Amino acid sequence: MSAARLLLAALPLAPCLWPEGPRGIGAPSYSTDSIVNAASQRAGALAPNTIATLYGVDLAYSTRALQPADLSAGAIPMVLDGVRVNLGGLYSPLLFVSPGQINFVVPYLLVAGELDLYVERDNTRGPKVRIRLEEAAPALFATESTILATHADGRLLSAEAPGVPGEVVVLYSTGLGRTEPDQAPGRLAVTADRIRRLDELRVLLDEEPVSRILYCGVTPGFAGLYQINLELPETIGKNPELRIVLGDQGSPAGYRLPVR
C-alpha cells in the first residue's frame, strides 16, 4: 500500500482528542474546538481543500467509509448514510462518517474568513458553529512524532529504511490551498497541479531551509492531499525536525524525518 493510501486508510482510526460521552439518539453534538486539521489534529488550522476531522456525539447512525463504488466519474459524495456537513453554505465532500467522527474535505471554492458549519443527519441538524479558514493551513501527516514520507520507489521512510543525504523523498500534507490550475470542486485530483503560492513555500530541516523542492502540489487520485518531493541536503543531521511554512502559516513543530 502506498504512503498516500496508508495515511487515508488510517484517518478513521485517528485518536479522538475530545471526550464523546454516552451516545443516544439526539441531534449531532460538537463544538468549534472539536473540528481539526486531520494531519495535525489541531483546531483552528483549516483552509480550502484541507482534509478535516470533526469529533462529536450522535453524528451518524453507523460507521461508513468512502468506497470506490461511491464515486461517480471522480466526484466524491456530499452525503454518506444520511450525513452531510455544511460549511459556508456549501456541502463538503465526505470521506468517513461514524457516530463519533466525520472526515471531510473543506470545499475548494471557499475563501478565507469566518464561516458557519453544521452537521445534518437525515432531518436532524446539529448546532451551527463558527470556524475560521485561512488561505493555507499546512500540516504534515505523521505517526506519533515521525513524519510520514516515502523513498522515490514508494517505500516508507523508517528507522529500518531511513532517508540518506542527497536522496529524493516525498512528504504528504494537507492545507496547502489553491492550485494552478484550480481543482475541480468535489472531485479527486486528476493531474499533478502545483500549489499557487509555491514561491512562498519553505521546507525546514532543523530550521534550515531545503534548497531543492522538486514538486509541491496535489496528489493525483486523492482529494485534499498534497505531496512535496524534495532532495535531502548532502549535509544533514540524523532524524532532523521537519516543518513546512507557507507564508505566515507553518506546520506544528516536534515531528522528525527518519534520516541516516
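The values are calculated or read from the model by the stated rules, or taken from the named source; none is laboratory data. This structure is a prediction, so every number in the text was calculated from the model and none was measured. A quick note on method: Cβ atoms are made from the backbone with ideal geometry, for glycine too, and the neighbour counts reach across all protein chains shown.
Things worth noting here:
- Residue within region 61-77 that is crowded, with 16+ Cβ neighbours inside 10 Å and under 23 Å from residue 32 (Cβ atoms) present: no
- Summed over region 32-57, the residues that are touching a Lys or Arg at 6+ places or on another chain (Cβ under 6 Å) and surrounded by 22 or more Cβ atoms within 10 Å (Cβ to Cβ) give a count of 0.
- Extreme residue, farthest from residue 47 (Cα to Cα), among residues of region 92-120 that are among the hydrophobic types (A, V, I, L, M, F, W, C), crowded, with 23+ Cβ neighbours inside 10 Å and in contact with a Gly (Cβ under 7 Å, 6 or more places away or on another chain): 119
- Here 197, 155, 187 are screened, and the one residue that is charged (D, E, K, R), within 24 Å of residue 91 (Cβ to Cβ) and out of contact with any Cys (no Cβ under 6 Å at 6 or more places or on another chain) is 187.
Residue-by-condition table, conditions (1) closer than 23 Å to residue 44 by Cα; (2) surrounded by fewer than 20 Cβ atoms within 10 Å (Cβ to Cβ); (3) not assigned by TED's automatic domain parsing to the domain that holds residue 107:
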| site | (1), (2), (3) |
| --- | --- |
| 152 | no, yes, yes |
| 165 | no, yes, yes |
| 176 | yes, no, yes |
| 192 | no, yes, yes |
| 198 | yes, yes, yes |
| 205 | no, yes, yes |
| 211 | no, yes, yes |
| 219 | no, no, yes |
| 230 | no, no, yes |
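- Scope region 66-100; condition farther than 22 Å from residue 132 by Cβ and β-branched (Val, Ile, Thr); matching residues: 76, 79, 83, 97
- Answer residue from region 150-160, given it is touching a residue at least 12 places away in the same chain (Cβ under 8 Å) and assigned to a loop (DSSP other than H, G, I, E, B) and is nearest to residue 200 (Cα to Cα) among those: 152
- Residue that is nearest to residue 77 (Cα to Cα) [pool: residues in region 196-217 that are of a type in the set (A, V, I, L, M, F, W, C) and without any contact (Cβ under 8 Å) to a residue 40 or more places away in the chain]: 198
- With respect to the conditions (1) surrounded by 13 or more Cβ atoms within 10 Å (Cβ to Cβ); (2) touching a Lys or Arg at 6+ places or on another chain (Cβ under 8 Å), residue 183 falls short on a single one, namely (2).
- Leading residue by the ranking (modelled with the lowest pLDDT) among those in region 134-149 that are assigned to a loop (DSSP other than H, G, I, E, B) and in contact with a strand residue (DSSP E or B) (Cβ under 7 Å, 6 or more places away or on another chain): 145
- The requirement of being assigned to a strand (DSSP E or B), within 24 Å of residue 199 (Cα to Cα) and in the same structural domain as residue 63 (by TED's automatic domain parsing) is fulfilled somewhere in region 111-121, by at least one residue.
- Cβ-Cβ distances below 8 Å connect the following pairs, each with a first residue in region 107-133 that is on the phi > 0 side of the Ramachandran plot, a second residue that is at pLDDT 95 or above and not polar (S, T, N, Q), and a separation of six or more residues or different chains: 113/132; 113/133; 122/82.
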